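Student: Below is the structure I would like to discuss, written out as structure tokens.
The values are calculated or read from the model by the stated rules, or taken from the named source; none is laboratory data. Not measured: the values here are computed from a predicted model. Using ideal geometry, Cβ is built from the backbone for each residue, glycine included, and neighbour counts are taken over all protein chains shown.
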């Protein structure tokens, strides 16, 4: 017979064990694995081009899979980004999930064996034929988790790229023509500065600042340079001509007033809003802004690719991945297949997205057509150069904090490039 | 074992005789949920974190045991030490200044406003000072980032409106000013807590002490220095300890206001640990930073508690 104290201790031990088991383990939240439920996670806003296309894809999936329930959970980008490894390691993993592409994200998960190898499905269902080479780069990862070769671990259904958004009304107001060359762009910016208008919308606390800088470097770069930097196919020297030009030009632009000295703490949203409010006549950023500008801009605006540069930032969009522990993988493949269908791809294109497998004649909206035409131009000249923060985990924060120093003039270009070199060398795989 | 045997005998006899069970055993059951929660939420994660701190791990797969390598790296990591220096600034902003200002304000509200304007006015003012404590830090941070925005922020607009354009600053974007701006926001956030605790403490001070001092001709400042301060010393220790701990682990305000920028000028250890853990996926190193931070906080808490106990013993 147990004493009262022993009973307390025994109960405590049993309860603690139960509690720990519950907290650590097998809390299956309902996925049966019997082919009757598709558990889907993505983080696209419902009114975005992708959100609308994926909603339609879910409807299509339900129509073609009677009796199958779709359990959709809307997640935040940050939420999935920060917790994916832990979730995918548990029994709560979804069947199909949207995930960020790149070495430090999808590459890392594939290296750790958390994602399903989709190579066979990609070939059998023809996804490999639908995606161009530069878009396909982010789908494939080698055994070290480096993109560009190896097995398929994800499928992108859309693409993204950066461009110059410009306010035609403001250009007209100050008698400036649409710049066709880089010199014309800088001349236009000079004219704005003379009229006490800061020409470039910038955000030092988030990605726009580093994207200006990377674009400046890309204007002096080629595919081999990008492959060295992004795919480690050679040594990356941050004091080479391209990076040096980029850092010095960026610092110079701050001095000349093209970029506001007070933009070091502003966020991407602030930069987009300052363009939307007609304060900044030029904003260099990604196609993800396109739909919003169509909806909200109260002035005439246009876009052009960065002048005198063969390459610009961009890639295939985020990936559909199938976790290794997914219970209904066949359903997941079917869903991905639907998102690659002409019907969904055309819808994506007409809603302001950049589809990867659309029927060109089915895109009827003129702005969407221009957006897709620009993408095709880039794609044909192999001009997608990915993003500057991809090569090394945590490099995004390094780029943010170091570029802030360039904006506030608390670091010179040389020191800036030293800091990037240091962080890159520490984080990049050893060759 | 002897005790158990004796106890079993006593329990058996007591049960036979219809006596109630000894209360100590019954009370122990009530502690059980708390103990289990403490184990599951504090002790187990802490031990796991300590273990991970001795490994090289990216958060998935198998961690590699590296012994003290992370701690050696930490010693030479200038970013960590810079973040730790910023923490000391946060201690000033979240513990020293709010405690000092809170003391004066509490005494003024209790001793002056209460007497001349009544308890209702005092209560309203106290609530106003406490309001930032009730607001979620994310909300307060976003509002303050609007106020401190360089181009269209209300602080710069106000300065311009009153003819102080030369005082306008990029409050959160200038590396020389950003840390002080965050400190200012944290003083505003933190002030209400010491104020409320001190006002509660003042309730228990014998009013006759003040009356006697007043009769002797002591002014407000002398009464504050010689009566208020010594009488509420225990509350001061509690507040200082509590606020110092809060300052060392401050995260939300930095995350919302500056994300550690510009150029790392406002980075603090908890945010540094967070980015190392989740952004750089250096989970082992991030865990080592957290462990060091936990040890420092524990040590400071113990010192604070010890001082408090000694003070209580003395009084």
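Student: Give the residue, chosen from B:157, B:140, that is closer than 20 Å to residue A:280 by Cα, out of contact with any strand residue (DSSP E or B) (no Cβ under 6 Å at 6 or more places or on another chain), more than 13 Å from chain A (Cβ to nearest Cβ) and assigned to a helix (DSSP H, G or I). Spell out the reasoning first.
Tutor: Details: B:140 fails: closer than 20 Å to residue A:280 by Cα.
Within the list B:157, B:140, the selection yields B:157.
Student: Go through the range B:46-63 and count every residue that is at pLDDT 90 or above, within 22 Å of residue A:114 (Cβ to Cβ) and surrounded by fewer than 16 Cβ atoms within 10 Å (Cβ to Cβ).
Tutor: Residues that pass the stated criteria total 3.
Student: Among (1) crowded, with 18+ Cβ neighbours inside 10 Å; (2) more than 14 Å from chain B (Cβ to nearest Cβ), which single condition is residue A:119 missing?
Tutor: Status for residue A:119: all satisfied but (1).
Student: Looking at the range B:203-312, what helices (runs of 4 or more DSSP H) fall wholly within it and have at least 2 residues that are within 14 Å of chain A (Cβ to nearest Cβ) and either free of Cβ contacts under 8 Å to residues at least 60 places away in the same chain or within 18 Å of the chain's Cα centre (by Cα) (or both)?
Tutor: On the way: elements: B:207-215, B:220-223, B:233-248, B:252-257, B:269-274.
In the range B:203-312, the matching helices (runs of 4 or more DSSP H) lie at B:252-257, B:269-274.
Student: Can you tell me how many residues within the range A:72-99 are crowded, with 20+ Cβ neighbours inside 10 Å and not in a helix (DSSP H, G or I)?
Tutor: Qualifying residue count for the region: 7.
Student: Further question on the same structure: Take residues that are closer than 30 Å to residue A:323 by Cβ and in contact with a helix residue (DSSP H, G or I) (Cβ under 9 Å, 6 or more places away or on another chain) and tell me which of the helices (runs of 4 or more DSSP H) falling wholly in the range B:18-134 contain 2 or more. Break it down into steps so the answer makes sense when it comes.
Tutor: Numbers: elements: B:23-38, B:44-52, B:69-75, B:78-91, B:97-108, B:114-117, B:119-134.
Result: B:44-52.
Student: Which of the residues that make up the range A:117-143 are touching a residue at least 40 places away in the same chain (Cβ under 8 Å) and part of a helix (DSSP H, G or I)?
Tutor: A:121, A:127, A:130, A:133, A:134, A:135, A:136, A:137, A:138, A:139
Student: Let me ask another. Filtering the range A:421-431 down to residues that are away from chain B (no Cβ under 13 Å) and either in contact (Cβ under 8 Å) with a residue 12 or more places away in the chain or in a helix (DSSP H, G or I) (or both), which residue is surrounded by the fewest Cβ atoms within 10 Å (Cβ to Cβ)? Don't jump to the end; show me each part of the working.
Tutor: If we filter the range A:421-431 for residues that are away from chain B (no Cβ under 13 Å), which is where we start, we get A:421, A:425, A:430-431.
Among the residues that remain, those that are also either in contact (Cβ under 8 Å) with a residue 12 or more places away in the chain or in a helix (DSSP H, G or I) (or both) are: A:421, A:425, A:431.
Values: A:421: 15, A:425: 13, A:431: 7.
Residue satisfying both the conditions and the ranking: A:431.
Student: Go through (1) assigned to a helix (DSSP H, G or I); (2) at pLDDT 85 or above and name the single condition residue A:390 misses.
Tutor: Going through the list (1) assigned to a helix (DSSP H, G or I); (2) at pLDDT 85 or above, residue A:390 breaks only (1).
Student: Ok, one more. Return the total of residues in the range A:47-71 being loosely packed, with under 14 Cβ neighbours inside 10 Å and under 25 Å from the mean Cα position of the chain (by Cα).
Tutor: 1
Student: While we're on this one: Among the residues of the range A:387-409, are any more than 14 Å from chain B (Cβ to nearest Cβ) and either within 25 Å of residue A:47 (Cβ to Cβ) or crowded, with 18+ Cβ neighbours inside 10 Å (or both)? Please lay out each step first, then the result.
Tutor: First pass over the range A:387-409, keeping only residues more than 14 Å from chain B (Cβ to nearest Cβ): A:387-388.
Going one step further and asking which of them are either within 25 Å of residue A:47 (Cβ to Cβ) or crowded, with 18+ Cβ neighbours inside 10 Å (or both), we end up with A:387-388.
Yes, some residue in the range A:387-409 is more than 14 Å from chain B (Cβ to nearest Cβ) and either within 25 Å of residue A:47 (Cβ to Cβ) or crowded, with 18+ Cβ neighbours inside 10 Å (or both).
Student: So, one more: When you look at residue B:127, is it touching a strand residue (DSSP E or B) at 6+ places or on another chain (Cβ under 9 Å) and either surrounded by 16 or more Cβ atoms within 10 Å (Cβ to Cβ) or more than 14 Å from every other protein chain (Cβ to nearest Cβ) (or both), yes or no? Break it down stepwise before answering.
Tutor: Values: touching a strand residue (DSSP E or B) at 6+ places or on another chain (Cβ under 9 Å): no; either surrounded by 16 or more Cβ atoms within 10 Å (Cβ to Cβ) or more than 14 Å from every other protein chain (Cβ to nearest Cβ) (or both): yes.
No, not satisfied.
Student: Separate question: Does residue A:287 count as within 22 Å of the chain's Cα centre (by Cα) and surrounded by fewer than 20 Cβ atoms within 10 Å (Cβ to Cβ)? If you could, list the steps in order and put the result at the bottom.
Tutor: On the way: within 22 Å of the chain's Cα centre (by Cα): yes; surrounded by fewer than 20 Cβ atoms within 10 Å (Cβ to Cβ): no.
No, not satisfied.
Student: I would also like to ask the following. Across the range A:144-171, what is the total count of residues that are outside any loop (DSSP other than H, G, I, E, B) and under 14 Å from the mean Cα position of the chain (by Cα)?
Tutor: 7
Student: Any chance the range A:198-218 includes a residue that's more than 14 Å from chain B (Cβ to nearest Cβ) and over 20 Å from residue A:314 (Cβ atoms)?
Tutor: Checking the range A:198-218: at least one residue is more than 14 Å from chain B (Cβ to nearest Cβ) and over 20 Å from residue A:314 (Cβ atoms).
Student: The conditions are (1) within 14 Å of another protein chain (Cβ to nearest Cβ); (2) surrounded by 14 or more Cβ atoms within 10 Å (Cβ to Cβ); (3) at pLDDT 90 or above, and residue B:104 fails exactly one of them. Which is it?
Tutor: That leaves (1) as the condition not met.
For (1) in contact (Cβ under 8 Å) with a residue 60 or more places away in the chain; (2) under 22 Å from residue A:160 (Cβ atoms); (3) within 13 Å of chain B (Cβ to nearest Cβ), each residue gets a yes or a no:
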{"site": "A:69", "(1), (2), (3)": "no, no, no"}
{"site": "A:82", "(1), (2), (3)": "no, yes, yes"}
{"site": "A:97", "(1), (2), (3)": "yes, yes, no"}
{"site": "A:102", "(1), (2), (3)": "yes, yes, yes"}
{"site": "A:115", "(1), (2), (3)": "yes, yes, yes"}
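Student: For the range B:42-62, what are the residues that are within 9 Å of another protein chain (Cβ to nearest Cβ) and free of Cβ contacts under 8 Å to residues at least 24 places away in the same chain?
Tutor: Looking only at the range B:42-62, we keep the residues that are within 9 Å of another protein chain (Cβ to nearest Cβ), and these are B:44, B:58-61.
Selection gives B:44, B:60, B:61.
Student: Follow-up question, since we're still on this one. Can you tell me which condition residue A:325 does not meet? The list is (1) surrounded by fewer than 23 Cβ atoms within 10 Å (Cβ to Cβ); (2) assigned to a helix (DSSP H, G or I); (3) out of contact with any strand residue (DSSP E or B) (no Cβ under 9 Å at 6 or more places or on another chain), and all the others hold.
Tutor: Failed condition: (2).
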